[in-house]
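Enquirer: Handing you this structure, nothing more for now.
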């Protein structure tokens with residue numbers, strides 16, 4: 001499986017920019033407002049790990065093809 005360039009770029013941006021900033025924001029808000037963010041953060045972590053696996057497989061297949 002090789003992802004199209006645009007999809008690869010969007011997923012990589014999500015993983016490198018959106019996920020870390022979202023985790024930081026949710027963690028900070030949980031501390032400020034006193035709510036339990038564990039389930040939210042675990043969900044984000046699981047989804048981002050899955051996306052990272054897809055990107056890794058795609059990158060491996062792309063390099064193998066070249």
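Laboratory data are not the source of any read-out in this text; all were calculated from the coordinates shown. Keep in mind it's a predicted model, so treat the numbers as computed, not measured. Here the Cβ is made from the backbone with ideal geometry for all residues, glycine too, and neighbour counts use every protein chain on show.
Enquirer: Looking at the range 50-58, is at least one residue assigned to a helix (DSSP H, G or I), surrounded by 11 or more Cβ atoms within 10 Å (Cβ to Cβ), over 12 Å from the mean Cα position of the chain (by Cα) and without any contact (Cβ under 8 Å) to a residue 60 or more places away in the chain?
Expert: yes
Enquirer: Checking the conditions here, which among 41, 18, 29, 11 is free of Cβ contacts under 8 Å to residues at least 24 places away in the same chain, on the phi < 0 side of the Ramachandran plot, surrounded by 12 or more Cβ atoms within 10 Å (Cβ to Cβ) and within 11 Å of the chain's Cα centre (by Cα)?
Expert: Answer to the check: 18.
Enquirer: Moving to a separate point now. Go through (1) in contact with a helix residue (DSSP H, G or I) (Cβ under 7 Å, 6 or more places away or on another chain); (2) not in a helix (DSSP H, G or I) and name the single condition residue 35 misses.
Expert: Residue 35 satisfies all of (1) in contact with a helix residue (DSSP H, G or I) (Cβ under 7 Å, 6 or more places away or on another chain); (2) not in a helix (DSSP H, G or I) except (1).
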